[in-house]
Amino acid sequence: MKKAVKCLISAGPTREWLDPVRFISNPSSGKMGYALAKAAVESGMEVILVSGPVSLPCPENVERKMVNTAREMNEVMKNYFPSANLTIMSAAVCDHRPASTDHHKVKKLEVSKNITLVPNPDILEGLGKIKRPGQILVGFAAETERHLENGKKKLRQKNLDWIAVNEVAEGKGFESDKNEITMISSTGQSIFFERGEKLLLARKILDAVWP
Ligand code: PMT
């Protein structure tokens, strides 16, 4: 049992609002992050799950913080990160948001054909900058091409200890109950987990990053 380990996990998408009824987002269901939270509790860890909008119930014995936008997720992650031993970002954070949000529903004929976007904070990169010795920081890489090469770049750029590289395409990564993952560490280890249920993969990921 991994008692006294504080584990912080993010899951699900973020929503970036154009007006009260329209947003930019992605197809993340939260299944991967919720599976990690469940597996971490099973192993005896104390778990805080920072979740974007998903329809999944909160796993038992998990403290869940619901957020909506990338900026909200950033604030909550930064708040809990200093006391976490292990942090895993499996959320699919929108890299951009509309430059402005209307407070009233924009009429159909008045909706702009061009949306100006501004960058959201890179939450994981920010955590990598304030990571202390002994803290383990794990990211995910959602890739459609040159998976391992791109994953390794993110591992270095964000100062991570591990990155879980998965392919995303229709029926892969997002929304599916199953996934296939390659774990890469900052020390050069590489472990391939063949396609399987996200809960089984979550257990394997935790065993790799917090043996
Ligand atoms: O939720 P599911 O339907 O189960 O799908 C699971 C998943 C496909 C969402 C998950 O397995 C996954 O790949 N999550 C990461 C998605 C992603 O945003 O990847 P990325 O390669 O764009 O980002 C790299 C890392 O930086 C990720 O850990 C991400 O959380 C983080 N990031 C990205 C952008 C940003 N502004 N801030 C971040 O912290």
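The values are calculated or read from the model by the stated rules, or taken from the named source; none is laboratory data. Since the model is a prediction, treat every value here as computed from it, not as a measurement. Neighbour counts run over all protein chains shown; Cβ positions are idealised from the backbone, glycine included. When the accessible area is computed, the model is the full protein with side chains, heavy atoms only, and any ligands, DNA or RNA have been set aside. Shrake-Rupley method; radii C 1.70, N 1.55, O 1.52, S 1.80 Å.
Computed quantities for the displayed model
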item: Shape box of the chain [Cα atoms, principal axes, largest first, Å]; result: 57, 36, 32
item: Portion, in percent, of the accessible area of the chain that falls on carbon or sulfur, probe 1.4 Å; result: 51
item: Nearest-20 debye value, the chain charge dipole, Cβ charges on Lys, Arg, Asp, Glu; result: 360
item: Relative contact order [Cα under 8 Å, 6+ residues apart], the chain, whole percent; result: 20
item: Residues with amide H under 5 Å from that of Val165, placed H, sequence gap 5 or more; result: Ala141, Thr182, Met183, Ile184
item: Longest exposed-site-free window of the chain, the sites being GluC sites (Glu not before Pro) in a DSSP loop that have at most 10 other C-beta atoms within 10 Å; result: 61-144
item: About the Cα centre, charge dipole magnitude for region 104-211 (Lys/Arg +1, Asp/Glu -1 at Cβ), debye; result: 460
item: Estimated vicinal HN-Hα couplings, Hz - region 190-204 in sequence order (Karplus 6.51, -1.76, 1.60; Gly, Pro = x); result: 9, 10, 9, 10, 5, 3, x, 4, 4, 5, 5, 5, 4, 4, 5
item: For peptides 76-82, 29-35, sequence by mean Cβ density within 10 Å, most packed first; result: 29-35, 76-82
item: Between region 106-168 and region 25-45, the alpha-carbon center distance in angstrom; result: 18
item: Hits among lysines - C-alpha to C-alpha of Lys131 under 25 Å, sequence gap 8 or more where chains match; result: Lys2, Lys3, Lys6, Lys38, Lys65, Lys78, Lys152, Lys153, Lys154, Lys158, Lys204
item: Scaled radius of gyration (Cα, divided by 2.2 N^0.38 Å) that region 127-211 gives; result: 1.06
item: Qualifying aspartates and glutamates (Cα of each under 15 Å from Cα of Lys172; at least 8 residues distant if same chain); result: Glu143, Glu145, Glu180, Glu194, Glu197
item: Protection proxy ranking, peptides 52-59, 92-99, average beta carbon neighbours within 10 Å, highest first; result: 92-99, 52-59
